[in-house]
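One structure is given below, encoded as structure tokens.
What follows draws every value from the coordinates through simple rules; no lab data is involved. Keep in mind the model is a prediction, meaning the values are calculated, not measured. Neighbour counts are summed over all protein chains in view; Cβ atoms, including those assigned to glycine, are modelled from backbone coordinates with ideal geometry.
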Amino acid sequence: MPIPCPPPLRPGAAVALLAAALRARRALDLRYAGAWRRVHPHAVGRSARGRLALLAWQIADERGDRAPGWRLFDMARLEALEPRRERFRPRGGVGPQSPIAHPIAAA
């Protein structure tokens, strides 16, 4: 059952859920900008612009119009989060220029 995160986002609950998923290296389904996406979360924190954000490797979306890849999700636009049983290995390739300037939690 999805955990609703309607705007305005309750940062404490969403960050706690994301941090737990990061520690356990669990995939997530998230509803973002009206579409479901399956992601492997890698970091949550503040972007360079000061916005609360999630850095994740997106593996699928319900529309099927985006190739797998790195995505930076603005947490103010998250509509729901659903943890999955599926586990993942942290992925390299972000490099030293991570879009998360001030991490709260990371894989």
- Item | Residue-span extension gain [ALA48 to ARG25] - 0.36 nm each, minus C-alpha spacing | 5.8 nm
- Note on the structure: Simple spin-label estimate for ALA101/ALA13, 7 Å along Cα→Cβ, in nm, reads 2.9
- Message: Within a 10 angstrom radius of the beta carbon, how do PHE73, PHE88 rank from fewest other beta carbons to most?
- Response: PHE88, PHE73
- Task: List the residues whose amide H sits under 5 Å from the amide H of ALA80, counting only those 5 or more places along or on another chain, with H placed 1.01 Å from N in the peptide plane.
- Result: CYS5, ARG31
- Query: Along the positive direction of the dipole of the stretch 25-86 (beta-carbon charges: Lys, Arg +1; Asp, Glu -1; about the Cα centre), which of PRO68, VAL44, LEU30 reaches farthest?
  - Reply: VAL44
- What dipole magnitude, in Debye to the nearest 20, does the stretch 43-82 give about its Cα centre under +1 on Lys/Arg Cβ and -1 on Asp/Glu Cβ? 300
- Task: Would you mind ranking ILE104, ILE59 by Cβ crowding within 10 Å, fewest neighbours first?
- Result: ILE59, ILE104
- Message: Only counting other Cβ atoms within 10 Å, I'd like VAL44, VAL15 sorted with the fewest neighbours first.
- Response: VAL15, VAL44
